[in-house]
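First the structure, in the form of C-alpha cells, and then the observations on it.
Each reported figure results from applying straightforward, stated rules to the coordinates on display, with no laboratory input. Since this is a predicted model, take the numbers as computed values, not measurements. Note: ideal-geometry Cβ built from the backbone for every residue, glycine included; neighbour counts use all protein chains shown.
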Amino acid sequence: MTAPGAGARLVVDLDALAANIARVRSTVAPAEMMLVVKDDAYRHGLEAVVRRAAREGVTWFGAFDVETGRAVRALLGDDVRVFTWMSASASETAVAVREGLDLGVGDAGMLEEVAIVARNSGTRGRIHLKIDTGLHRNGVRPEQWPGVVARAAELEAEGVIEVVGVWSHIAEASDEEDDAARERFEEALSAASEVGVAPAIRHLAASAASFARPEFRYDMVRVGAFAYGIRSAGGPSEEALGLVPVARLEAPVIETGPVRVDVGVFEGLPSSLAAVARVGTAAGSRMLREIGEHLDVEEWPGAAIGDIVTVFGPGAQGEASATDLAERIDTIGEEILLRLSPLIERRYES
Ligand SMILES: *Cc1c(COP(=O)(O)O)cnc(C)c1O
C-alpha cells in the first residue's frame, strides 16, 4: 500500500523557465518584465523559480499577497523589487511597508494606511495606484480617481509615499474590451499627471496582451503564464509564441488490468476529461478512461506497475501541455496546474 499520490511528481525544467523568460523579455523590450509568482509560482515551486529567475536577471517579482511577497524578499534579499497587490488587513499593509514591498493600492483607505505606517516607521511607502478599468476586481473607480491621485500627490510631497506606478488589470478576452480598458487607463494617467503624479512605471498587460498588443506594454508587463510556458487556451501555439511548457506531470502505474495511475495529487481533476483526453505512455498515447481517486487509462500490452505515465507536459505522447488538456474541457492551462495539490513532489531539472 502506498499513500495517495505517492510517486507522482511535477518535473520542472528550470532551463525551459530561463528560456521562456529570455523570450518574454526580448519580446516586450524595452518594457520590463515582472515575473508573477502567485500560487507557489503556478505550482512550479516558489523557491526554485525565483532563485533561477533572479539568476537570469529578473529584478521585479509579482507576488500577489503579502505572505508570498515576504517569502520572495527572504529568498532574494533587498536587490529585487517585490510587488504585492492583495493586502488582507491594515496589519499586513504595515508589514509590507516595513519590508520595503511595493504595494498595489486600490482605494483611498489603503492609501491612508500606507501613509500612517510610513510616517510612524520613518520609511517611504512605495505604491502603485490601481485604476479600475472595467474588471471591478478592486481598483479606484474612475469617479474617485481625481481625489485619490490628488491625495497621493500631497502624501508624496510630504515624503511618506512614492507613487512608483499606476496600473490596472485587463481581461485579455476580447480586443474591444481591452481597448476600452486602455482608454480608461490613459485617462487615469492624464488625471494623475494633472496633479503632478508622474509614475515611473505604468503597467497594464499580463501574458497574452504583452505578446499580442505592443501598445499595452507601457513600462512593464506582469507575466505569469507565458514564463511557465502556459499558452492561452484558444490562442497561438507554444511554437508560434516561442515558449516551452516548463512542467510535466508524471505518475506511476499502480495497478494493471485495468491500467490505473495514481494521481491522488489532483484535487478535483474534472471528470469531464474522461474519454476526451489522452495521456503519454511507453506505448504511445492512451485515452483517459475514468477519473476518480485514480486515473484509469486505456491498456497497453506489457503495462507494468511502476511504469510512468505522462499526464501532461513536453515530451508527452498524449496531451502535450496543460493547456491542451484544458482546451478539451473549455478551461485554461493554469486551472489544470492549480488543481494539483500544493504538496505534490517536485523534481527540478536544469
Ligand atoms: C495573475 C496576474 C498576472 C499574470 O497573468 P498571466 O496571464 O498569468 O501572465 C498579472 N497581473 C495580475 C494582477 C494578476 O493577478
How long is the gain from residue 136 to residue 183 if the chain were fully straight, where each residue apart is worth 0.36 nm and the alpha carbon distance is subtracted? 15.4 nm
Calculate, for residue 350 and residue 22, the FRET efficiency according to 1/(1 + (r/R0)^6) with r their C-beta to C-beta distance and R0 22 Å; round to the nearest 0.05. 0.95
Using the 10 angstrom Cβ neighbour count as an exposure proxy, how do 228, 218 rank, fewest first? 218, 228
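Taking other Cβ within 10 Å of each residue's Cβ, how do 123, 310 sort, fewest first?
Lowest count first: 123, 310.
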Rounded to the nearest 500, the 222 nm mean residue ellipticity computed for the chain from DSSP H runs (n ≥ 4, each -39500 (n - 2.57)) alone is -10000 deg cm²/dmol
Determine, from the Cβ-Cβ distance of residue 51 and residue 174 and an R0 of 35 Å, the FRET efficiency 1/(1 + (r/R0)^6), rounded to the nearest 0.05. 0.40
Segment residue 215-residue 194, extension gain: residue separation times 0.36 nm, minus the distance between their alpha carbons: 5.3 nm
Of all beta bridges DSSP finds with both residues in the chain, what is the antiparallel percent, to the nearest 5? 40
Starting from the Cα of residue 75, step 7 Å along the direction of its Cβ; do the same at residue 338; then give the gap between the two resulting points in nm. 1.9
Expressed in nanometres to one decimal, the distance between label points 7 Å along Cα→Cβ at residue 98 and residue 287 is 6.0
Fewest to most neighbouring Cβ within 10 Å: what's the order for 341, 87, 190, 232? 190, 341, 232, 87
